[in-house]
Amino acid sequence: MTVNTTLLWQNAWQDTSYKKKLFGGLIPTLIILILFPVFFQYIEHREGTILNDVLLNTLPVINLSIPTFAFIWSIATLTFFRCYQNPYLCLQFVWGFFLLCVARIITISLVPLNPPMYLIPLMDPLSNKFYGGTYITKDLFFSGHTSTQFLMFLCLTKKNDKTIAFISSILVGTFVLIQHVHYTMDVVAAFPFTYIIYRIAKKITS
């Protein structure tokens, strides 16, 4: 840690309100991540609707797993580093991610969908750990890959960081469509849902 970063964390840690908010978001987030495999296995055995997606029908079907996760984990690494530098950015991201997970559980439960035709599985050993070690195809509405990238964009404060994260959000959303992992509505809906969640998280942590 630099001196400034150390002082920021020392000051934050002396603030009882900060610690309560941090653990208030961190503990339920960890619980959700532990329970995610059970939820995803449940939805994978549930029947849903196959949508006639006009845009998806016009797109080529290409395996873009490598560039998709190159962007995802690059922006995740950047965000974690900024969280390490700034305890208040860390707090906001923890709460944003927690609320994002809750929102996705609700929307996926309410909108049962079967995956698009010609889907090519996104292969990523790290992400698959949260799915119980198997590939899940029905966690569709709304896109977790796109929404998490966009949440990072919203939480980051430096101009260059935000520019890179925003571009990554658009590219990841485009890539999952080309790979037919999501329907168009899954990706489009990720942006307004995530913005609302970010505003709620910001209000909670302010």
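The values are calculated or read from the model by the stated rules, or taken from the named source; none is laboratory data. Just so you know, these numbers come straight off a predicted model, no measurement behind them. Cβ atoms come from the backbone with ideal geometry, glycine included; neighbour counts cover every protein chain shown.
Details
- When the test is whether a residue is in contact with a Gly (Cβ under 9 Å, 6 or more places away or on another chain) and under 21 Å from LYS138 (Cα atoms), PHE69 does not pass it.
- The test for being among the basic types (Lys, Arg), assigned to a helix (DSSP H, G or I) and farther than 19 Å from ALA190 by Cα holds for ARG82.
- Of the residues making up segment 179-206, those that are in contact (Cβ under 8 Å) with a residue 12 or more places away in the chain and of a type in the set (Ser, Thr, Tyr) are TYR183, THR184, THR194, TYR195, TYR198, THR205.
- Search result, residues across segment 2-13 that are exposed (fewer than 11 other Cβ atoms within 10 Å of the Cβ) and either modelled with pLDDT of 95 or more or among the hydroxyl-bearing types (Ser, Thr, Tyr) (or both): THR2, THR6
- Scan of segment 165-180 for residues that are more than 15 Å from the chain's Cα centre (by Cα), surrounded by 18 or more Cβ atoms within 10 Å (Cβ to Cβ) and aliphatic (A, V, I, L, M), ordered by number: LEU177
- Residue within segment 174-184 that is touching a helix residue (DSSP H, G or I) at 6+ places or on another chain (Cβ under 7 Å) and closer than 29 Å to GLY24 by Cα present: no
- Screening CYS155 against (1) under 12 Å from the mean Cα position of the chain (by Cα); (2) modelled with pLDDT of 95 or more; (3) not β-branched (Val, Ile, Thr) leaves a single unmet condition, (1).
- Subset of segment 1-26 [aliphatic (A, V, I, L, M) and either touching a Leu at 6+ places or on another chain (Cβ under 6 Å) or in a helix (DSSP H, G or I) (or both)]: VAL3, LEU7, LEU8, ALA12, LEU22, LEU26
- Hey, SER143 crowded, with 17+ Cβ neighbours inside 10 Å, touching a His at 6+ places or on another chain (Cβ under 6 Å) and either among the small types (Gly, Ala, Ser) or on the phi < 0 side of the Ramachandran plot (or both) or not: yes
- Residues in segment 112-130 that are modelled with pLDDT of 65 or more and either loosely packed, with under 14 Cβ neighbours inside 10 Å or among the basic types (Lys, Arg) (or both): MET117, TYR118, MET123, LEU126.
- Exactly one residue out of PHE40, PHE81 is of a type in the set (A, V, I, L, M, F, W, C) and farther than 30 Å from THR16 by Cα, and it is PHE40.
- VAL181 among the aliphatic types (A, V, I, L, M) and outside any helix (DSSP H, G or I): yes
Yes/no per residue for (1) at pLDDT 95 or above; (2) of a type in the set (Ser, Thr, Tyr); (3) buried (at least 18 other Cβ atoms within 10 Å of the Cβ); (4) assigned to a helix (DSSP H, G or I):
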site	(1), (2), (3), (4)
PRO28	yes, no, no, yes
PRO37	no, no, no, yes
ILE43	yes, no, yes, yes
LEU56	yes, no, yes, yes
ILE62	yes, no, no, no
THR68	yes, yes, yes, yes
ALA76	yes, no, no, yes
PHE93	yes, no, yes, yes
CYS101	yes, no, yes, yes
